[in-house]
1. Pull out all pairs, ordered by first then second residue, where Cβ-Cβ is under 7 Å, the residues are six or more apart or on different chains, the first lies in region 222-235 and is touching a residue at least 60 places away in the same chain (Cβ under 8 Å), and the second is surrounded by 11 or more Cβ atoms within 10 Å (Cβ to Cβ) and in a loop (DSSP other than H, G, I, E, B).
2. Against the definition (under 17 Å from residue 285 (Cβ atoms), in a helix (DSSP H, G or I), of a type outside the set (Ser, Thr, Tyr) and more than 15 Å from the chain's Cα centre (by Cα)), how does residue 138 come out, yes or no?
3. If you scan region 171-190, which residues turn out to be farther than 17 Å from residue 308 by Cα and buried (at least 21 other Cβ atoms within 10 Å of the Cβ)?
4. So which residues in region 282-311 are among the polar types (S, T, N, Q) and either assigned to a loop (DSSP other than H, G, I, E, B) or modelled with pLDDT of 90 or more (or both), if there are any at all?
5. Condition test on residue 121, is it at pLDDT 75 or above, surrounded by fewer than 20 Cβ atoms within 10 Å (Cβ to Cβ) and part of a helix (DSSP H, G or I)?
6. Please go through region 191-208 and pick out each residue that is small (Gly, Ala, Ser), under 20 Å from residue 140 (Cα atoms) and surrounded by fewer than 21 Cβ atoms within 10 Å (Cβ to Cβ).
7. For region 193-227, give me each residue that is charged (D, E, K, R) and not in a helix (DSSP H, G or I).
8. Output the residues belonging to region 175-231 that are touching a helix residue (DSSP H, G or I) at 6+ places or on another chain (Cβ under 6 Å), of a type in the set (Lys, Arg) and at pLDDT 85 or above.
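The values are calculated or read from the model by the stated rules, or taken from the named source; none is laboratory data. Treat the numbers as computed from the prediction; the structure is a model and nothing was measured. Note that we place each Cβ from the backbone using ideal geometry, even for glycine, and neighbour counts take in every protein chain shown.
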Amino acid sequence: MARGLAAGVGRGGAQTAGAGQAAAAGESGGTTEFLLGIIPTTLVSALTEGEVLQTLLVALLVGFAVQGLGGRGEPVLRAVGLLQRLVFKVLAMIMWVAPVGAFGAMAAVVGATGLDVLTSLAQIMLGFYATCLIFVVVVLGALLWFVARISIFALLRYLGREFLLILSTSSSESALPRLIAKMEHVGVSKPVVGITVPTGYSFNLDGTAIYLTMAALFVADAMGKPMSIGEQVGLLLFMIIASKGAAGVTGAGLATLAGGLQSHRPDLLDGVGLIVGIDRFMSEARALTNFAGNAVATVLVGTWTGEFDRAQARDVLAGRRPFDEATMLDEDDDDPQPPAEPQRPALSGAPA
């Protein structure tokens, strides 16, 4: 699919490939070196050296330590929260000039390889869209029907407003509160929704896993380093794990791809710039697929635990119990109870 792109890279592409091979010669190793590479030198070095897996390990250790401190760890949590706000503020400032960087990356690739690169980029985009559509309709649709006897098309139509919101923001995080409210309205119990939806936003990222795998294969083919079947299976498993670090934030998929390639195939890291220009368009499909997967997973978990009201779901999906968009609550209560009449005090001397 990316043969034309690889053929047009020319001398610049050869230099990039040579640099990638030199990096691979110094960084690639066996399973032992990979596992040892997860351990950082210090707690701070994981943040400064840009090692994703080392950062995740430090985050887990710090989280368990703070949890063990109990109430004494509250100041640490507040400090981390303030630091998180600061980082997000800096990222928001950087995102204002991100389109300029994407324009420069796309212009550099087109200028070096010609207009043929646009054909290859269009192919990877269309292939990714088709894969996500097949996954949602066929795989998730079959699971939803066989387990809960609910049509995937009815569920997607019920979540239509949320899909439009995600399409405009390219992030599924914007629809998280509405998904929680609508899953409760469709018949899944509140405890199941409260556990499954937030957990799924961190660990059930179907669209991101598909994107990471397809993008890595595209980069490998474009740089003239195709992978064998064994390498593809290993990369698939690795990217499924690496996708857990891209928790619904716009652009996190590209950063996770770079971090995954750096850990798994460092010789392909230089090729990430080939898809920077189209990452925004692929981010929308990633977010939509992640959202659909979380919605289906919530219904499935509710069915398996016996916490799903199938009759209520049929009424909701059929439009007989509309969802209140203003308050995100049911329009009518199931069994409204009339207000109790106030009791009159008994008169003195009156018969009981």
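1. Close Cβ pairs (under 7 Å, with a partner that is surrounded by 11 or more Cβ atoms within 10 Å (Cβ to Cβ) and in a loop (DSSP other than H, G, I, E, B)) amount to 222/2.
2. yes
3. 171, 172, 175
4. Step one: filter region 282-311 for residues among the polar types (S, T, N, Q), giving 283, 289-290, 294, 298, 303, 305.
Of everything in region 282-311, those that are among the polar types (S, T, N, Q) and either assigned to a loop (DSSP other than H, G, I, E, B) or modelled with pLDDT of 90 or more (or both) turn out to be 289, 294, 298, 303, 305.
5. The answer is no for residue 121.
6. Selection gives 202 alone.
7. So the first thing to find is which residues in region 193-227 are charged (D, E, K, R), and the list is 206, 221, 225.
Across region 193-227, the qualifying residue is only 225.
8. 190
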